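Below is one structure, written out as structure tokens, with a few remarks after it.
The values are calculated or read from the model by the stated rules, or taken from the named source; none is laboratory data. Worth saying up front: this structure is predicted, and the values here are computed from it rather than measured. FYI the Cβ positions are ideal-geometry reconstructions off the backbone, even for glycines, and counts take in every protein chain you see. Note: accessible area is taken over every heavy atom of the protein model, side chains too, but ligands, DNA and RNA are not part of it. Shrake-Rupley method; radii C 1.70, N 1.55, O 1.52, S 1.80 Å.
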Amino acid sequence: MKMNKETPRTRLLYYEDPRQMRFSATVLKRGEVGGQPAVVLDRTAFYPEGGGQPADRGVLDGVRVLDVRRESGDVWHVLERDMPAGPGEEVTGMVDWERRFDFMQQHHGQHLLSAAFEDVLGAKTLSVHMGEKTCTLDVDRPNLTEKEVTDVLERANFMVWSNVPVHARFVDEEELKRLSLRNPPKVSGPVRIVSAGEFDHSPCGGTHPLRTGEVGMIVILRHERHKRGTRVEFVCGKRALTEFLRRNERLLSASMLTGTGWDMLPERVRQLRASGEEANKALRRMKERLAEREADELLLSGERLSGEIPLVCRAWEHRPVDELKRIAERISERGGVALLGTMEGDAAKLVFARGSRPDVNMSDLLKECIKIAGGKGGGRPHLAQGSAPNPQRLGDMLEHAKRRLSQ
């Protein structure tokens with residue numbers, strides 16, 4: 001980032017009124033940030049990235065603002081392209097309200113959710129991430145139960161629906177001592193405190209709504225063990241509505257596909273799952289019987305090693321390797337030797353198996369053969385499998401294995 005550290009400070013309009021989207025300002029200087037043109041203004045309503053909250057987007061004199069960063073008291077507006085206005089000239093800015101309000105909902109919703117975790121469970125917030133689609137909150141409490149999560153969520157939404165005023169201001173040391181802060185401030189001097197009625201008081205430099213009711217609703221999507229605590233994924237406001245509509249659509253689709261009401265859907269899914277498991281078991285039994293029959297037919301038409309040991313050397317196209325393995329195992333159980341191969345996509349797959357004779361390590365034999373086509377594989381002395389990236393050499397590999405056994 002090319003910039004001069006000895007620069008005037010930018011007046012931060014988003015602290016004075018988080019709903020001010022349109023403003024005029026004077027260009028103080030131009031520069032580059034990450035190879036993109038950038039400008040510093042004497043005043044701005046654009047919120048720069050900080051405290052976990054992403055930066056605003058919008059336009060300056062019709063030029064798209066790609067990013068906003070704060071450095072040494074200045075706010076740098078990173079632009080899509082250069083703009084004509086230079087130092088001393090006036091520009092007009094417009095902040096993307098939909099994005100601003102979305103992140104105000106997520107940010108303040110996180111404050112209330114963190115306060116609820118602390119009130120209900122005594123769980124401290126460890127870290128926060130606000131994404132473009134969902135947000136996450138890490139708390140220092142592992143193994144949360146569903147009831148605990150529900151209790152926290154009810155408490156957080158009670159704070160939302162109480163619709164108390166949100167008061168964001170800079171306080172002096174005396175007032176700071178009188179407040180019951182959820183987290184101690186990380187900066188010295190005047191500290192900006194965001195208060196949600198008497199529910200929560202937290203040091204914060206982000207943008208927030210005027211009342212808690214503007215958060216709309218807080219929804220926890222999922223939670224999982226993370227390191228020594230729990231990671232909670234959540235959404236607020238319009239995102240919560242969008243997620244509800246998406247899940248409701250899928251629920252109704254599943255209800256129609258299964259021919260049952262949505263309230264009976266869990267039981268219907270359990271029934272279908274049990275039925276599917278039984279069908280899979282029956283299918284496996286059928287495949288095993290087919291493999292036995294096919295193995296018998298191959299043994300009848302196959303060759304013999306040393307005049308007595310049945311040998312089946314066979315290749316197929318587009319046959320699943322698990323079927324080959326099943327047939328090879330049946331051949332070996334009947335005292336035969338199986339050298340089987342198939343071409344699947346851009347690879348050749350091999351399965352070698354034998355019974356008690358001959359005294360040949362099939363894993364070593366497969367590794368020797370598969371090197372012909374630059375492949376890899378291995379297994380046990382009685383059963384081995386592998387693949388090679390050159391399916392055209394499948395026949396050569398099988399013939400090589402057959403010759404080695406004949407020797």
With +1 assigned to the C-beta of every Lys and Arg and -1 to the C-beta of every Asp and Glu, and no other charges, what is the dipole magnitude of the stretch 101-235 about the Cα centre in debye, to the nearest 20? 320 debye
Which of rounded, prolate, oblate describes the stretch 225-298, given a ≥ b ≥ c as roots of the alpha-carbon gyration tensor eigenvalues and a/c under 1.5 marking rounded, otherwise prolate only if a/b is larger than b/c? prolate
Amide H neighbours of residue 217 under 5 Å, at least 5 residues apart or on other chains, H built in the peptide plane: list them. 237
Of the residues 364, 17, 140, which exhibits the maximal mean-square fluctuation in a Gaussian network model of the chain defined by a 10 Å Cα contact cut-off? 364
Within the stretch 6-48, what whole-number % of the accessible surface is contributed by carbon and sulfur, with the 1.4 Å probe and all protein chains included in the calculation? 43 percent
So if each residue of separation counts as 0.36 nm, and I subtract the Cα-Cα distance between residue 407 and residue 356, what length gain in nm does that give? 16.6 nm
On the principal axes of its Cα set, how long, how wide and how thick is the stretch 100-241? Give whole Å, largest value first. 41, 31, 26
Note to self, the chain gives a 222 nm [θ] from helices alone (DSSP H runs n ≥ 4, -39500 (n - 2.57) apiece, / all residues, nearest 500) of -11500 deg cm²/dmol
Lysines near residue 325 by alpha-carbon distance under 21 Å, same-chain residues fewer than 8 away left out - which ones? 281, 287, 349, 367, 371, 376, 402
Rg [Å, one decimal], Dmax [Å, integer] - the chain, C-alpha atoms: 34.1, 101
HN-Hα couplings for the stretch 51-62 via Karplus (6.51, -1.76, 1.60; θ = phi - 60°), in whole Hz with x for Gly/Pro, come out as x, x, 8, x, 6, 5, 10, x, 9, 10, 6, x
Using a 10 Å cut-off on Cβ atoms, rank the peptides 175-182, 201-208, 146-153 from the highest mean neighbour count down. 201-208, 146-153, 175-182
Assigning unit charges at the beta carbon (Lys, Arg +1; Asp, Glu -1) and nothing else, what dipole magnitude in debye, to the nearest 20, does the stretch 209-361 show about its Cα centre? 860 debye
The stretch 248-262 - phi-based ³J(HN,Hα) in whole Hz, Karplus 6.51/-1.76/1.60, Gly and Pro as x: 5, 4, 5, 5, 5, 5, 5, 5, 5, 5, 8, x, 9, x, 4
The chain: angle of helix 97-121 to the longest principal axis, Cα-based, in degrees nearest 10: 80 degrees
If each of residue 145 and residue 177 carries a label point 7 Å out from its Cα toward its Cβ, how far apart are those two points in nm? 4.3 nm
At R0 = 56 Å, how high is the FRET efficiency between residue 82 and residue 392 if r is their beta carbon distance? Nearest 0.05 is fine. 0.50
Amide H contacts of residue 124 (H built 1.01 Å from N, under 5 Å, at least 5 apart or other chain): 140
Please report Rg over Rh for the stretch 273-407, where both radii come from the alpha carbon positions and Rh follows the Kirkwood definition. 1.00
Point-charge dipole on Cβ atoms (K/R +1, D/E -1) for the chain, about Cα centre, debye to 20: 1180 debye
Taking R0 as 56 Å, what FRET efficiency do you get between residue 333 and residue 222 from their Cβ-Cβ distance, rounded to the nearest 0.05? 0.75
Theoretical gain in end-to-end length, residue 294 to residue 72 [0.36 nm per residue, Cα-Cα removed]: 72.1 nm
Karplus-derived 3J(HN,Hα), 6.51/-1.76/1.60, for each residue of the stretch 82-89, Hz, glycine and proline x: 5, 10, x, 5, x, x, x, 9
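Rounded to the nearest whole Å², what accessible area per residue is found for the chain with the 1.4 Å probe?
Per-residue accessible area for the chain comes out at 54 Å².
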Of the candidates 312, 279, 240, the farthest towards the positive dipole end of the stretch 200-341 (Lys/Arg Cβ +1, Asp/Glu Cβ -1, centred on the Cα centre) is 240
Taking Cα atoms only, helix 146-161 is inclined relative to the longest principal axis of the chain by an angle, in degrees rounded to 10, of 30 degrees
Straight-line reach from residue 29: which lysines have a Cα under 18 Å away, not including same-chain ones fewer than 8 places off? 2, 5
Nearest-ten-degree value, helix 265-301 long axis tilted from longest Cα axis of the chain: 30 degrees
So for R0 = 30 Å, FRET eff. of residue 256-residue 287 from the Cβ-Cβ r, to 0.05, ends up at 0.35
